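Throughout, read-outs are computed from the coordinates displayed, never taken from laboratory work. What you see is a predicted model; the values in this text were computed from it and never measured. Cβ coordinates were reconstructed from backbone atoms using ideal geometry, including for glycine residues, and neighbour counts include every protein chain displayed.
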Amino acid sequence: MKRNLFFIIVLILLFLIINIYAEENLFNRIFFNNLVNSSEIIIKNPYASFICLFGAGVITVSIMNNDLIIKDYFNNNRSEFSDKIFDIFNMAGDGMSVFALNSFLFLFGEKEKSTAEKVIAAVLTSGVTSYVIKIIAGRQRPATTDDRYDFNPFSLNDSFPSGHTTVAFSWATVVAQNYGIWYLTYPVATLCGFARIYKNMHWASDVF
């Protein structure tokens, strides 16, 4: 919990710093323009939006019903080699590691700087959003319980959704859109999600 709070504080500080040096106001872009655009898309496509949300909900519940089986499978198939592999991919969702690597993009051209700003904006937005959902859901992590339905809203439990997976797909999407290398970024983000399940830090439905 303390690490999550520290991460949020660092995100806010980075956001403020980037906002000062950015050519446009990131606050307006993230919390106004993007929000308005997203709302317009949902309003203009209510049926498609409903189908997507309903489908995601059905799949999440289906996975949740099998969370314990998936947990046991990963726990029973560990090895020293897979431990090291998943430790590496786990870093793809670690906010501090992502920001550290992302900072190098500011040393290059305008496209790289723009990408770096978008990565920070994406991680900040999705990070705060997932953290809010975590607090509301209050789901217990699999490392502390076998009860996959253990939800205590507004508690200190913070399993649902997976913050690491959210961060990983945030930067993966931005980089994929800017450089067209989705075939590299999305698999890395996906393996980060598997790493969270493998390390028993999240249920599979958290990651989905």
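Remark: the Tyr183-Lys113 segment gains 23.0 nm on full extension, using 0.36 nm per residue and subtracting the alpha carbon distance.
Taking each residue as 0.36 nm, the span from Ala100 to Ser62 lengthens on full extension beyond its C-alpha to C-alpha distance by 10.0 nm. Phi-derived couplings, Karplus 6.51 cos²θ - 1.76 cosθ + 1.60 at θ = phi - 60°, listed residue by residue for the range 133-144: 5, 4, 5, 5, 6, x, 7, 6, 6, x, 6, 10 Hz, with x used for Gly and Pro.
So which of Lys84/Lys113; Lys84/Lys134; Lys71/Lys134 end up more than 30 Å apart by C-alpha?
Lys84/Lys113
Backbone phi angles across the range 96-107, fed through the Karplus curve with coefficients 6.51, -1.76 and 1.60 (θ = phi - 60°), yield HN-Hα couplings of 5, 5, 4, 5, 5, 5, 5, 4, 5, 5, 5, 7 Hz in residue order; Gly and Pro are listed as x. Measuring from label point to label point, each 7 Å out along Cα→Cβ, what is the Thr145 to Asn76 span in nm? Taking the simple label geometry, Thr145 and Asn76 are separated by 2.4 nm. Mind checking which aspartates and glutamates have their Cα closer than 16 Å to the Cα of Lys44? Skip sequence neighbours fewer than 8 apart in that chain. Straight-distance partners of Lys44: none at all.
Computed from backbone phi with θ = phi - 60° and the Karplus coefficients 6.51, -1.76 and 1.60, the 3J(HN,Hα) list for the range 187-194 is x, 5, 5, 5, 5, 5, x, 4 Hz; x is used for glycine and proline. For the range 75-208, a/c is not less than 1.5, where a ≥ b ≥ c are the root eigenvalues of the C-alpha gyration tensor, and a/b does not top b/c. That puts it in the oblate class. If you sort the three axes of the alpha carbon gyration tensor as a ≥ b ≥ c, you get a/c of 1.5 or more for the range 65-141 and a/b no higher than b/c, which makes it oblate.
Under 13 Å of direct C-alpha separation, and excluding same-chain neighbours fewer than eight residues apart, Lys199 reaches these aspartates and glutamates: Asp72, Glu80, Asp83, Asp87. Model label points for Ile69 and Asp87, set 7 angstrom from Cα along the Cα-to-Cβ axis, are 3.2 nm apart.
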